[in-house]
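Asker: I am attaching a structure below and will ask some questions about it afterwards.
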Amino acid sequence: MNPEEIKKIAASTVRIALDEGAETVEVSVLSDNQFGVTIRNDNIENLTESGSNAIGITISRDKRKSSATSSDLSESSIRRLIHEAVELSSVMDRDEYFGLPDKDELGSTSEDLGLFDFESAEISTEKKISIARDLERIALKSDSRIISDGASFSSGLFASAYANSLGFCEGYRQTHNSIDISCAVEDFQDGGENTGKKQSSYWFSTSTSFRDLDPVESVASTAVERTLRKLGAVKPDTCEVPVIFDEVTARGFLGSIASAVNGGNIYKRTSFLADMTGMQISSPLVTIIDDPLIPGNPGSRPYDSEGVRSKKTTVVENGILRSFLLSSYQARKLSLKTTGNAGGISNFFMKKGSSSIDDIISSIDNGLFLTSLSGPGANISSGDFSQGGQGIWIIDGKLAFPVSEFTIAGTFSQMLSGIVMVADTLDWRTSIASPAFKIEGMTISGK
Amino acid sequence: MSGPLYQFNISDEEIEKILGAALSKGSDYSDIFLEHTIVNIITMEEGIVKEGVKSISLGAGIRAVKGEGTGYAYTEELSFDKMRQAALTAAAIADSGNAGGTAPLSNVPFKNHYPIIDFTTDAALRKKTGWIEKAEKAARSFDPRVVKVSVTIADRSSNIRIATSDGRSLSDIRPMTRLSVSVVAEKEGTRQTGVSSGGGRLGPEYFTGGRDPESHGKEAARQAVLLLEAIDAPAGPMEIILAPADSGILLHESVGHPLEADFIRKGTSAYTGRIGDQVASRLVTVIDDGTIDHDRGSINFDDEGTLPESTVLIEEGILKGFMHDRISSNFFDLPLTGNGRRESYKYPPIPRMTVTYLANGRSDPGEIFASTKKGIYCKSFMGGQVDISNGDFVFVPVEAYLVENGKITAPVKNMTLIGNGPDVLSKVTMVGNDFAFSDGRWTCGKGQLVPVGVGLPTVKISEITVGGSDL
């Protein structure tokens, strides 16, 4: 469905809900078309194509809020849904802080965010399949040891609309393209204890515009390199050493910081950053920004999920915590103003530093280049951090040998304060982006 | 509303035509998965019933299979024309060969592993808010250091119908109830969280059958307050004792995932080609069983219409079998195991665990503690993750203690345990006689979310790397 159609549905749903006795109404309507193909060993392993709709209605009466969602956009179904929501609101408690945003905060940015690519909507299925095939073929050809776990092309056309009972009604369209490949390789010595052991890795590229996808050659070679460099990984000794988070693990770390500055976690006091505004929470090398207005970026949007006009927010400036990321409700709970972050982050990133990655590696005599983190051990509530890791050991300023089956632990506060070098490149494939950085010392638990 | 089976208003003849359309380009097999699901979530926070959401989803997913290839499409409009169109989209997976015929549909009988009288989905809203308020009150009044309590009740009833091109037709309602309590306790700037949750494929009787809402409230508060006094965990290899029930998450990660047969079929699992090998200590028998009554991970039939069973994966340390979906079972020419599962009509089924457990042993738990000089006793868990290819897995305890000279001493916090599946299972040195299933709280993510169950008796592992921060 196109944005005009779904805007109409959103606006008429608001009117029906008001007629049914709701005092405030918010409606969001989504419509998407998704395509995905996975090639494995030159055959199509999966081919999926589907269109999907969803409507979400939030109403309130006497500050008692409830919501209902459905995949059925027919008017009869929407009417039933509104009845369900009204009934549900009757058992909710009054929430003094509930309300729509102030009217003057509502609006859609006038800037062109480059969210929709006409070419993407036109690419044929055959072309998408052949790109996935090429991606796999190049990877398999580059090294005979490589086992393919599949190469994919996926794309989406996405339209959304949002309307509320203050008269806001807007909609926009987005396109999305991505390619990825996963590889594995045997990693054992005959008769050794590693029977059956393999190493695996993957790489991907994403973009709004089809033409901005990375070439299949570079995606394939990065995936193969990241797989092969794990061969023969050993368990490191238990020790305390400097650690470089590469752009992948740095992104994971920054994702935890995004949760820690989320207004919901602040007012619920489930963040180690609650009460820390204005304080030095990090090394001065760290500046963190949320910016929904970067053209073509994956997290860009003209307004947030309650219709508040998008704007840039500096979260951490030279190590000082400047702002949380807030919806209007979270802002009211904290006696602050919304930052246009209902629905969460937009493009959340750490600013680039001035060190090249080579300089950062060569600054370490004995330490770790961390390439993978796993597990749910990043606890933003207590501020404790302990995760499983994989990476490459650094000796005398050089990447020396792969390591795995260790954990890396500390606290978020120590880690943020311990950032002593920040790399000069930023990888924008996802809505969270971080340059690689070096932390002075962390506990590695291994042998 | 969810009581009787939902009527999808489509005749068997029409379904056979749709399945035929999915085969029209030469696929070997096709199926259709019709789903109508109602989910209710109510959350109490800061002392008020604050969030209430009702979600309804209705759709049909149509799959065409050719060898190892899957074509898939779904529609949310359940008209014959739309479903037929989706079937033709799915059919495109095959591009040659003669169109096969479909067998006439007939109902497949099955045993009901979760018979219930009432659905939580249908319970009066006031009844649900009443359970929530009881749990909240129990948590809040537990200790003055409790500063935040959040309680959520989530219930679900899924009406599904599966029909296959080989003539199988099955319909079911899958119930689910889950209560979870999360508590934050604070003391002099230290902040800790405790959680307790449970449920299963049952109705409101969950709350009267031993796990009343108060018990979850108290348990979450007890954990949060306990952790305020916890010391930093040590770093390095140590002996580990796993408490019964929830520790099964270690098994789920370390051997469960690598024994899902899609990884085996693709040759990317550490266990590929190892049937008959000794992959664990002789004390270890691992079973996946989707027939455990009312368990969160149980199913009356899987999402491609296969009846579940008790599948022995590892028997006394020897690798016996894998968990199959239809594609892997055909690929290996091995029997189906009832492990083809999916999150919803939006996804094709893939091999997934149901209820995965380690069978009971002979040791008295007291002896297990007495034999431990210095180790960690892990009681409850936040979750885990595994690297399928090499078997390295992590899991994160919430409640854990130091064990010194056979005695539980101080609670410890902030640690991830890391091990290698085959390596850790070969280091199982004692298995207790106190087996228990986890209260239903686990959801497994593998591109799609499905509810699962785990279980384990007390188990001792002679060495796992403990990733604390205290050197």
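The values are calculated or read from the model by the stated rules, or taken from the named source; none is laboratory data. Predicted model, so just to flag it, every value in this text is computed and none were measured. Neighbour counts are summed over all protein chains in view; Cβ atoms, including those assigned to glycine, are modelled from backbone coordinates with ideal geometry.
Asker: Which condition number in (1) surrounded by fewer than 23 Cβ atoms within 10 Å (Cβ to Cβ); (2) within 14 Å of another protein chain (Cβ to nearest Cβ) is the one that B:Gly406 fails?
Answerer: Checking B:Gly406 against (1) surrounded by fewer than 23 Cβ atoms within 10 Å (Cβ to Cβ); (2) within 14 Å of another protein chain (Cβ to nearest Cβ), the one that fails is (2).
Asker: Report the residue count in the stretch B:414-426 for those that are outside any loop (DSSP other than H, G, I, E, B) and closer than 21 Å to B:Ala245 by Cβ.
Answerer: So the answer is 6.
A quick yes/no check of all residues on (1) outside any loop (DSSP other than H, G, I, E, B); (2) modelled with pLDDT of 95 or more:
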position	(1), (2)
B:Ser329	yes, yes
B:Pro348	no, yes
B:Lys379	yes, no
B:Met382	yes, no
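Asker: Step by step: first the residues of the stretch A:410-429, then only those that are assigned to a loop (DSSP other than H, G, I, E, B) and touching a Gly at 6+ places or on another chain (Cβ under 8 Å), then the one that is surrounded by the most Cβ atoms within 10 Å (Cβ to Cβ). Which residue is that?
Answerer: The residue in question is A:Gly418.
Asker: Filter the stretch A:295-318 down to residues that are in a loop (DSSP other than H, G, I, E, B), in contact (Cβ under 8 Å) with a residue 60 or more places away in the chain and not charged (D, E, K, R), then give me how many there are.
Answerer: 10
Asker: Right, something else. Residues to consider are B:Gly209, B:Gly203; find the one that is in contact with a Phe, Trp or Tyr (Cβ under 7 Å, 6 or more places away or on another chain), surrounded by fewer than 24 Cβ atoms within 10 Å (Cβ to Cβ) and under 15 Å from B:Arg296 (Cβ atoms).
Answerer: Going through B:Gly209, B:Gly203 in turn, just one is in contact with a Phe, Trp or Tyr (Cβ under 7 Å, 6 or more places away or on another chain), surrounded by fewer than 24 Cβ atoms within 10 Å (Cβ to Cβ) and under 15 Å from B:Arg296 (Cβ atoms): B:Gly203.
Asker: Next question, about the same structure. For the stretch B:131-149, name all the residues that are within 13 Å of chain A (Cβ to nearest Cβ), out of contact with any Pro (no Cβ under 9 Å at 6 or more places or on another chain) and either buried (at least 23 other Cβ atoms within 10 Å of the Cβ) or modelled with pLDDT under 95 (or both). Can you show your working first?
Answerer: Taking the stretch B:131-149 and keeping what is within 13 Å of chain A (Cβ to nearest Cβ), we get B:131-133, B:136, B:145-149.
Checking which are out of contact with any Pro (no Cβ under 9 Å at 6 or more places or on another chain) leaves us with B:145-149.
Within the stretch B:131-149, B:Val147, B:Lys148, B:Val149 qualify.
Asker: Residue by residue through the stretch B:239-249, note down the ones that are more than 12 Å from every other protein chain (Cβ to nearest Cβ), buried (at least 24 other Cβ atoms within 10 Å of the Cβ) and either out of contact with any Ser or Thr (no Cβ under 9 Å at 6 or more places or on another chain) or under 16 Å from B:Val428 (Cα atoms) (or both). If you could, list the steps in order and put the result at the bottom.
Answerer: To start, the set of residues in the stretch B:239-249 that are more than 12 Å from every other protein chain (Cβ to nearest Cβ) comprises B:239-248.
Now drop any that are not buried (at least 24 other Cβ atoms within 10 Å of the Cβ), which leaves B:240-242, B:246-248.
Answer for the stretch B:239-249, where residues must be more than 12 Å from every other protein chain (Cβ to nearest Cβ), buried (at least 24 other Cβ atoms within 10 Å of the Cβ) and either out of contact with any Ser or Thr (no Cβ under 9 Å at 6 or more places or on another chain) or under 16 Å from B:Val428 (Cα atoms) (or both): B:Ile240, B:Ile241, B:Leu242, B:Ser247, B:Gly248.
Asker: Name the residue that is farthest from the other protein chains (Cβ to nearest Cβ), counting only residues in the stretch A:36-60 that are surrounded by fewer than 18 Cβ atoms within 10 Å (Cβ to Cβ) and either in a loop (DSSP other than H, G, I, E, B) or in contact (Cβ under 8 Å) with a residue 40 or more places away in the chain (or both).
Answerer: Per the stated criteria, the residue is A:Asp42.
Asker: Within the stretch B:427-464, can you find the residues that are out of contact with any Asp or Glu (no Cβ under 7 Å at 6 or more places or on another chain), in a strand (DSSP E or B) and within 12 Å of another protein chain (Cβ to nearest Cβ)?
Answerer: If the condition is that a residue be out of contact with any Asp or Glu (no Cβ under 7 Å at 6 or more places or on another chain), in a strand (DSSP E or B) and within 12 Å of another protein chain (Cβ to nearest Cβ), then B:Gly445, B:Ile464 are the ones that fit.
Asker: Within the stretch B:264-271, is there a residue that is modelled with pLDDT under 95, on the phi > 0 side of the Ramachandran plot and surrounded by fewer than 19 Cβ atoms within 10 Å (Cβ to Cβ)?
Answerer: Yes, the stretch B:264-271 contains at least one residue that is modelled with pLDDT under 95, on the phi > 0 side of the Ramachandran plot and surrounded by fewer than 19 Cβ atoms within 10 Å (Cβ to Cβ).
Asker: Can I ask one more? Please verify whether the stretch A:105-116 includes one or more residues that are away from chain B (no Cβ under 14 Å), charged (D, E, K, R), surrounded by 14 or more Cβ atoms within 10 Å (Cβ to Cβ) and touching a residue at least 40 places away in the same chain (Cβ under 8 Å).
Answerer: yes
Asker: Which condition number does A:Asp275 fail, the rest of (1) of a type outside the set (Lys, Arg); (2) in contact with a strand residue (DSSP E or B) (Cβ under 8 Å, 6 or more places away or on another chain); (3) over 22 Å from A:Ala250 (Cβ atoms) being met?
Answerer: Going through (1) of a type outside the set (Lys, Arg); (2) in contact with a strand residue (DSSP E or B) (Cβ under 8 Å, 6 or more places away or on another chain); (3) over 22 Å from A:Ala250 (Cβ atoms) one by one, A:Asp275 breaks only (2).
Asker: In the stretch A:150-192, what count of residues is obtained for those that are over 25 Å from A:Ser110 (Cα atoms), at pLDDT 95 or above and in a loop (DSSP other than H, G, I, E, B)?
Answerer: Residues meeting the conditions: 0.
Asker: Restricting to the stretch B:164-192, and then to whatever is within 14 Å of chain A (Cβ to nearest Cβ) and surrounded by fewer than 20 Cβ atoms within 10 Å (Cβ to Cβ), can you tell me which residue is farthest from the chain's Cα centre (by Cα)?
Answerer: Of everything passing the filter in the stretch B:164-192, B:Glu188 is farthest from the chain's Cα centre (by Cα).
Asker: Within the stretch A:221-258, can you find the residues that are of a type in the set (A, V, I, L, M) and within 11 Å of chain B (Cβ to nearest Cβ)?
Answerer: A:Leu231, A:Ala233
Asker: Picking from B:Arg178, B:Arg174, B:Arg191, which residue would you name as being modelled with pLDDT under 90, part of a strand (DSSP E or B) and not aromatic (Phe, Trp, Tyr)? So that I can check it myself, show each step before the final result.
Answerer: Values: B:Arg178 fails: modelled with pLDDT under 90; B:Arg174 fails: modelled with pLDDT under 90.
Being modelled with pLDDT under 90, part of a strand (DSSP E or B) and not aromatic (Phe, Trp, Tyr) holds for just one of B:Arg178, B:Arg174, B:Arg191, which is B:Arg191.
Asker: Which one of the conditions (1) over 19 Å from the mean Cα position of the chain (by Cα); (2) surrounded by fewer than 24 Cβ atoms within 10 Å (Cβ to Cβ); (3) within 22 Å of A:Asn379 (Cα to Cα) does B:Ala221 fail to meet, given that it meets all the rest?
Answerer: Going through the list (1) over 19 Å from the mean Cα position of the chain (by Cα); (2) surrounded by fewer than 24 Cβ atoms within 10 Å (Cβ to Cβ); (3) within 22 Å of A:Asn379 (Cα to Cα), B:Ala221 breaks only (2).
Asker: What single numbered condition from (1) within 13 Å of another protein chain (Cβ to nearest Cβ); (2) buried (at least 23 other Cβ atoms within 10 Å of the Cβ); (3) part of a loop (DSSP other than H, G, I, E, B) fails to hold for B:Ile275?
Answerer: Single failed check for B:Ile275: (2).
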